[in-house]
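Below is one structure, written out as structure tokens; comments come after it.
The values are calculated or read from the model by the stated rules, or taken from the named source; none is laboratory data. For clarity, every value in this text was computed on a predicted model and none was experimentally measured. Every residue, glycine among them, receives a Cβ derived from its backbone with ideal geometry; neighbour counts consider all protein chains shown. With ligands, DNA and RNA removed, areas are computed over all heavy atoms of the protein, side chains included. Shrake-Rupley method; radii C 1.70, N 1.55, O 1.52, S 1.80 Å.
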Amino acid sequence: MRIGLYPGTFDPVTLGHTDIIQRAMALVDRLVIGVAINRDKGPLFSLEERVAMVKAEAGAILARTGGEIVVHPFENLLIDCARDVGATIILRGLRAVADFEYEFQMVGMNRAMDSSIETVFLMADARRQAIASKLVKEIARLGGDVSKFVPPPVCTALTAKYA
Ligand code: ADP
């Protein structure tokens, strides 16, 4: 049984995230989506809202891929979260070169803490590579159309937040 952990803030979940989740399902038997509480980042959506949105998308993906997805809020160290859920791989998405420096350091430090957990990077389809939660929120806040970047329920939630 191969268990993978895909951690993130998911504030909110985008079509970039769902692309990575779908790809990850081809690599693992159980995918644990770790929703970081991340109080420091001052998320727009509460943990409960973010978890609910991720769960809804996970359900839709599962109907296509099969397998198992668990949505798991966490606040502790990523490597401890991976151990808690029995994951042997951590999955991360890579967008631009800008992501690389930070991810490179994370891998090095996580590996020093636990060399038995491997980090695997995935890239979204070219049309979804540029999508970032931060920019989606900025566009929605200014009244722009984000329907190309997020699933329909998230689009509705963003409109309601900024109404
Ligand atoms: P974090 O706070 O950990 O960066 P995010 O929710 O922003 O959380 O992202 C979670 C993961 O999803 C990260 O590995 C990020 O690189 C990846 N990701 C987000 N958007 C995309 C995208 N459009 N294409 C590929 N990976 C993405």
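Descriptive notes on the structure:
- So residue 157, is it exposed (fewer than 13 other Cβ atoms within 10 Å of the Cβ) and among the aliphatic types (A, V, I, L, M): no
- Residues in region 89-110 that are part of a loop (DSSP other than H, G, I, E, B) and free of Cβ contacts under 8 Å to residues at least 60 places away in the same chain were compared, and the one that is least open to solvent (accessible area, probe 1.4 Å) is 94.
- Residues in region 30-68 that are assigned to a strand (DSSP E or B) and open to solvent by 30 Å² or more (accessible area, probe 1.4 Å): 30, 68.
- Here residue 75 clears all of (1) more than 10 Å from the ligand (Cβ to nearest atom); (2) free of Cβ contacts under 8 Å to residues at least 12 places away in the same chain except the condition numbered (2).
- Across region 111-163, the qualifying residues are those that are part of a helix (DSSP H, G or I) and β-branched (Val, Ile, Thr), and the one among them that is nearest to residue 97 (Cα to Cα) is 136.
- Note on region 98-123: residues that are out of contact with any Leu (no Cβ under 9 Å at 6 or more places or on another chain) and either within 12 Å of the ligand (Cβ to nearest atom) or closer than 21 Å to residue 55 by Cα (or both) amount to 4.
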